[in-house]
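The values are calculated or read from the model by the stated rules, or taken from the named source; none is laboratory data. This structure is a prediction, so every number in the text was calculated from the model and none was measured. For neighbour counting, all protein chains shown are included, and Cβ atoms are generated from backbone atoms with ideal geometry for every residue, glycine included. Note: accessible area is taken over every heavy atom of the protein model, side chains too, but ligands, DNA and RNA are not part of it. Shrake-Rupley method; radii C 1.70, N 1.55, O 1.52, S 1.80 Å.
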Amino acid sequence: ISKMRARLNRGDSWLSYDLGRMFTSDKLDADAIEEIETRLLTADAGVEATTWLCERLSADIGASRIRNEAQLRARLKSLIVEWLAPVSQPLEIPEFIKPYILFVAGVNGVGKTTTIGKLARHYKNQGQSVVLAAGDTFRAAATQQLKSWADRVEVPIVAQGEGADAASVIYDAVEAAKRRGSDLVIVDTAGRLHTQGHLMDELRKIKRVVQKHDPYAPHEVMLVVDATTGGNALVQAVQFHEAIGLTGLTLTKLDGTAKGGIVLAIAKRLSVPIRFIGIGEGVDDLVPFDAEAFAEALVG
Ligand code: GDP
């Protein structure tokens, strides 16, 4: 939590900075709720989450249940936990599904490749054997970039040359995983939103291919979005969810962004489990999402 707090609040926390200032002579300042409201909206928390939080804070202030900074922090924290609890579901790989097939999607630049590297490390550290599948065959450098992550975290990767058929790469990867008795296949998929029809066709095709191995695969379809893009991250998440049906989300670059409120907005709009958050460029800078820890890091 302390690392996450340092990263999330690099610079000033977008939410909890200087809450004490809102109290004059130990009474909550009249403008305080308005200020919290502004902070939430500026951080892209969205109208729904903001209204919900501020209504409850106002009621507590009216009933004199919040009389000092500590009580304000505690209440803010518990409200955030309550709001995020339904989506706070870490991704645990069940033993009885082998190999577990995890698709990772996301538009270029959001941190998809980095996240795959971090995921491989995370699950490897938990004792799982991991295989990567270089299924993003459209982007020229994608395979190369994924290979260097595979080297770095020392996991095998299945890849073919540039322009290869993604479905065939992924089929091979699952086959290799079965042969090796691997626990988890992390599949890099191409994400291009401007041609949503194409994206869906592509994903249907690779789904069909993995279903030849396991009719219930893919077991997880995770979208990676960049938290620093705020509202755009939400739009991407909605579009992908409508197009391919997501079962998990990872938000990257939450370190040092003032747009961290997007976590609250996405939680409500999608009701898709938030699996991880990225809090830096390093291989260990991926944290399983936990509402309690997140709220604690944010509000202090
Ligand atoms: P892709 O195009 O989606 O595969 O994106 P990359 O994985 O290549 O990442 C794009 C950039 O974002 C790289 O410079 C990464 O180091 C950086 N990045 C990825 N995740 C994070 C994160 O959680 N925090 C920060 N600060 N940078 C990140």
Going toward the positive end of the dipole of segment 109-236, with +1 on Lys and Arg Cβ and -1 on Asp and Glu Cβ, which of Gly231, Val174, Ala159 do you reach last? Val174
Using alpha-carbon positions, what is the distance between the centroids of segment 210-232 and segment 103-164, in Å? 14
Quick one: angle between helix 166-180 and the longest Cα principal axis of the chain, in degrees between 0 and 90, rounded to 10, please. 80
Segment 238-293: relative contact order from alpha carbon pairs under 8 Å, six or more residues apart, as a whole percent, is 35
So if I place +1 on the C-beta of Lys and Arg and -1 on the C-beta of Asp and Glu, and nothing else carries charge, what would the dipole magnitude of segment 71-213 be about its Cα centre? I want it in debye, nearest 20. 340
Share of antiparallel DSSP beta bridges in the chain, in percent to the nearest 5? 15
Assigned charges on the beta-carbon of Lys, Arg, Asp, Glu; the chain dipole about Cα centre (debye): 520
Which residue fluctuates most in the GNM of the chain (Cα springs below 10 Å): His122, His198, His219? His198
Give the carbon-plus-sulfur fraction of the accessible surface of segment 233-278 in %, rounded to a whole number; probe 1.4 Å, heavy atoms of protein chains only. 48
Could you state the angle between the C-alpha long axis of helix 46-62 and the longest principal axis of the C-alpha atoms of the chain, as a value from 0 to 90 degrees rounded to the nearest 10? 30
Starting from 0.36 nm per residue, how many nanometres of slack lie between Ser129 and Thr38 once their C-alpha separation is accounted for? 28.1 nm
For segment 156-244 the mean separation of alpha carbon contacts under 8 Å (6+ apart) over residue count, i.e. relative contact order in percent, is 24
If you average the C-alpha positions of segment 1-36 and of segment 39-79 separately, how far apart do those two centres end up, in angstrom? 11
Over 32 Å (Cα to Cα) - which of Lys147/Lys205; Lys77/Lys147; Lys118/Lys268 fall in this group: Lys77/Lys147
Around Lys212, what is the net charge, scoring Lys/Arg as +1 and Asp/Glu as -1 over all other residues with Cβ under 14 Å from its Cβ? +2
Per-residue HN-Hα couplings for segment 200-212 [Karplus 6.51, -1.76, 1.60; θ = phi - 60°; Hz; x = Gly/Pro]: 5, 4, 4, 5, 4, 5, 6, 5, 4, 5, 6, 5, 5
Enumerate the amide H contacts of Asp226 below 5 Å, restricted to partners 5 or more residues apart or on another chain; note that Pro and chain-start residues carry no placed amide H. Thr252
How high is the relative contact order of the chain, given as a whole-number percent (alpha carbon pairs under 8 Å, six or more residues apart)? 29
Based on DSSP, what percent of beta bridges with both residues in segment 70-202 are antiparallel, to the nearest 5? 0
Under 5 Å from the placed amide H of Thr137, counting only residues 5+ away or on other chains, we find Ala190
Relative to the longest principal axis of the C-alpha atoms of the chain, give the angle of the C-alpha long axis of helix 142-153, reported between 0 and 90° and rounded to the nearest 10°. 80
Under the Karplus relation 6.51 cos²θ - 1.76 cosθ + 1.60, θ = phi - 60°, what is the ordered set of whole-Hz ³J(HN,Hα) values for segment 76-90, x standing for Gly and Pro? 4, 4, 5, 5, 5, 4, 4, 5, 8, 3, x, 9, 8, 9, x
